[in-house]
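Written below as structure tokens is the structure these notes are about.
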Amino acid sequence: MADSSDAFMGRLLGRIGNLVVYQMYGKTVVRVRPGFRSKKVTPKLKASQDDFKTVVKVLSPLKHMLRFGFAAQAINRSAWNAAASANLNRYRQSANKDIQEWLLLSTGTLAQANNWQLVKDDDGKLLLNWENDTALKGHGND
């Protein structure tokens, strides 16, 4: 059921039949609820879904870092969306699907991460190690 917190029908939130009304980045958004697929997934769509699943699985534990690294690209979308989009494009364009080839944690210039390694420790946590030479490069934007 939809709720209105402002004047009569001024600001709606919730579900009205097949429509969903919510606030995103200060704007009211209305979407149609997704239905169920009756067609089988094509191989091309399945490959696209698998690419997205792989990228999101890697980026999810790094979400707090991506907020800072992609803040400048988050215009009318979240930093997470900007990071996911950039990394998905890089993943699809890389010939080698190793994480080192496509993972982008920031689009800024201050923290130049060179020779970085992503390692899983005994507790299952991901550890990110890198070298940087920021003292030589001056100041950047992240």
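Read the figures in this text as sums done on the coordinates, not as results from a lab. On a predicted model such as this, the values are computed, not experimentally measured, just so you know. A quick note on method: Cβ atoms are made from the backbone with ideal geometry, for glycine too, and the neighbour counts reach across all protein chains shown.
Structure notes:
- For residue 79, neighbours were defined as the other residues whose beta-carbon sits under 10 Å from its Cβ, and their charges (Lys and Arg +1, Asp and Glu -1) total +3.
- Burial order of peptide ranges 99-106, 74-81 (average beta-carbon count within 10 Å, highest first): 99-106, 74-81
- Cross-link reach list, lysines versus residue 27, counting only Cα pairs under 22 Å and skipping chain neighbours closer than eight places: none
- Protection proxy ranking of 59-69, 83-93, 32-42 - average other beta-carbon atoms within 10 Å, highest first: 83-93, 59-69, 32-42
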